[in-house]
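The values are calculated or read from the model by the stated rules, or taken from the named source; none is laboratory data. Bear in mind the structure is a predicted one, so any value in this text is a computation, not a measurement. Cβ placement follows ideal geometry from the backbone for every residue including glycine, while neighbour counts extend to all protein chains displayed. Remember, those area values only see protein heavy atoms, side chains included, never the ligands or the DNA or RNA. Shrake-Rupley method; radii C 1.70, N 1.55, O 1.52, S 1.80 Å.
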Amino acid sequence: MRTISLLKEDLQGINLAKLLSFFVLLIFPTFLSAQFKIGDSEYAGILWGENDFLDPEFYQDGSLARSEQDFIVAAGRHWKGAPPPSKASFEYEGKQIVNSGIFNNEAVALLQSADPKKREKAISMLEAGMRFDPSFFAFRYNLGRAYHIEKRYQKAILQYEYAIAEVPQYYRTYMHLGVLCELLNEQIQAVIYYKKAVELNQFQTEALVLLAEHYIRTDLKNRAQIYIKKALSIDQNSPDAKLGLARLEIMGGRDYYAYKIFRNTDLYDDQGKKRPYNKKFHFYFAETASKIGDYVTAAKEYDELLKFPNDPFFTEFSLKIIERRRDLAKRFAEIKAADEEAEKEQQ
């Protein structure tokens, strides 16, 4: 299981109205102290806030971060080590659970395996944890993600709405709600959620491109261009912004230009760290590569996409179909290589 590897700034949105505090935020990671009462017992919630500029001696022992597969994992002080024990406990399958953070991380490990049986087990664990601690954001968010993967869309929406009530500033929750609303054909509500995600984190591009994709699907190209240009103005090297540009080219039937955009997009930053990006990037790159006959790249990109079986993309598109397309691309690559070799021998 991948644990804490992303910066806290990726996890929380930055309020533009508090822009003057941004440079302080880069120096001092922050989070919100919280006590919750369950029955007659109180325990510490492992949440974070923004712009609570405290000396490190005042920090709680617990922190949260996002895994590459977009689950929330708990850790100890400064996002290192094991999360602190809860001040109360609950029973699960005959065992006494004294640490909600560790219990959550165990459920996340099962979810990230993408095994259906393990996923059901993880859902059972998160449901039990949520009943014990309905205010623990990680339980709510991860349960929403799990329900989404299982295509239990209404249940997923309910958990995300509860998650918003606990941590209203986390922009990715609104992005997931937007995707779910689109799946349920609630287009107006989807746009509202996407715009809320943009409002909460104006230094990220993914929500802007989700908005653009919405307008591409509804054949409003000019409006889509507005949001793609806005994403490029934030980060002209953003894979999400480049995905938006490529989608416009595909929409216009210019597959080769889309292919060139994908080909020239670097998924790593100047420090060699992988950028956060929408995994649809690999799908559209593979599709355009196939159309222009670059089957080696197509197979590679399908393989990359298959590394993220828990991505929301796979609630819209079958994993088996992507595997089949990957296998076909590999076969076509072999045939093309054999034909080229035969041509060389004939010369």
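Quick check, is residue 156 crowded, with 24+ Cβ neighbours inside 10 Å, at pLDDT 95 or above and in contact with a helix residue (DSSP H, G or I) (Cβ under 8 Å, 6 or more places away or on another chain)? In short, yes. Can you confirm whether region 200-209 contains a residue that is in contact with a Ser or Thr (Cβ under 9 Å, 6 or more places away or on another chain), outside any helix (DSSP H, G or I) and either crowded, with 18+ Cβ neighbours inside 10 Å or modelled with pLDDT under 90 (or both)? Yes; the residues of region 200-209 include at least one that is in contact with a Ser or Thr (Cβ under 9 Å, 6 or more places away or on another chain), outside any helix (DSSP H, G or I) and either crowded, with 18+ Cβ neighbours inside 10 Å or modelled with pLDDT under 90 (or both).
Checked against the criteria, residue 141 does not count as open to solvent by 30 Å² or more (accessible area, probe 1.4 Å) and touching a residue at least 24 places away in the same chain (Cβ under 8 Å).
Listed by first and then second residue, the pairs linking a residue in region 122-138 that is modelled with pLDDT of 95 or more to a residue that is surrounded by fewer than 24 Cβ atoms within 10 Å (Cβ to Cβ), with Cβ atoms under 6 Å apart and 6 or more places separating them unless they lie on different chains, are 122/110; 128/92. Taking the numbered list (1) touching a helix residue (DSSP H, G or I) at 6+ places or on another chain (Cβ under 6 Å); (2) open to solvent by less than 30 Å² (accessible area, probe 1.4 Å); (3) more than 19 Å from residue 312 (Cα to Cα) in turn, residue 128 passes all entries but (1). Among residues of region 237-261 that are among the acidic types (Asp, Glu), those with a beta-carbon under 7 Å from a residue that is not in a helix (DSSP H, G or I) at least six positions away or on a different chain give the pairs 240/205; 240/277; 240/278; 255/292. Among all positions in region 155-163, there is at least one residue which is part of a helix (DSSP H, G or I) and under 17 Å from residue 63 (Cα atoms).
Residues in region 218-231 that are in a helix (DSSP H, G or I) and free of Cβ contacts under 8 Å to residues at least 24 places away in the same chain: 222, 223, 225, 226, 227, 228, 229, 230.
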